[in-house]
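Working notes, structure below.
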């Protein structure tokens with residue numbers, strides 16, 4: 001009887017431990033600050049390896065460059081022209097000057113993105129603004145924090161929604 005009780009308790013403990021581990025490993029519906037930073041690091045490495053291929057992958061979201069609500073965006077450091085954005089609901093921005101971007105509350109945040117890219121390559125700046133999530137059909141703007149850096153002749157960023 002004691003042995004049976006012990007075996008049931010041990011099995012229950014094992015099931016509970018596995019369940020808690022599985023629960024802890026479930027990914028959130030939305031990306032995190034750490035995941036945004038990691039994607040920016042990955043984007044910078046891709047740009048350094050092959051800029052043309054990297055920008056193409058950013059525009060298509062291939063290679064893991066569109067993960068839930070995380071995605072890179074890039075623009076020319078010279079004229080601010082937006083070159084790539086993985087967000088399927090932001091393709092209309094490609095070709096526009098990043099310095100002209102204004103959020104839903106009227107904040108002109110584009111010049112901050114542009115200025116962040118002008119700093120020495122590898123120096124990461126934070127820019128805050130309101131922007132809709134890529135999966136939101138209502139396009140309701142929410143607070144976003146983007147990490148932006150320069151990579152050669154382009155500026156790139158990846159942001160997460162707070």
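How many nm is it between the label spots at residue 108 and residue 91, if each spot is 7 Å from the Cα in line with the beta carbon?
3.0 nm
Pairwise over distinct Cα atoms, reciprocal of the mean inverse distance: report the Kirkwood radius of region 55-162 in Å, one decimal place. Don't jump to the answer; show the numbers that get you there.
Working: mean 1/r = 0.0736 Å⁻¹.
Over region 55-162, the inverse of the mean reciprocal pair distance is 13.6 Å.
Got a sec? How would 124, 82 order by Cβ neighbour count within 10 Å, fewest to most? Provide the component values of the computation, followed by the final result.
Values: 124 15, 82 23.
Lowest to highest Cβ neighbour count: 124, 82.
If you average the sequence gap of Cα pairs under 8 Å that are 6 or more apart and divide by the length of region 21-162, what percent do you get for the contact order? Intermediate values should be presented prior to the final figure.
Values: 287 pairs, mean separation 34.0, N = 142.
It rounds to 24 percent for region 21-162.
If a/c stays under 1.5 just call it rounded; otherwise compare a/b with b/c (prolate if a/b is bigger, oblate if not). Do that for region 72-121, with a ≥ b ≥ c from the square roots of the Cα gyration tensor eigenvalues. Don't skip to the answer; put the middle values down first.
Details: a/c = 1.82, a/b = 1.14, b/c = 1.60.
Oblate shape, in that a/c is at least 1.5 and b/c is the bigger or equal ratio.
Taken together, the values in this text are just the output of simple stated rules run on the coordinates, not laboratory data. Keep in mind that this is a model prediction, so the values were computed, not measured. Virtual Cβ from ideal backbone geometry, glycine too; neighbours counted across all protein chains shown.
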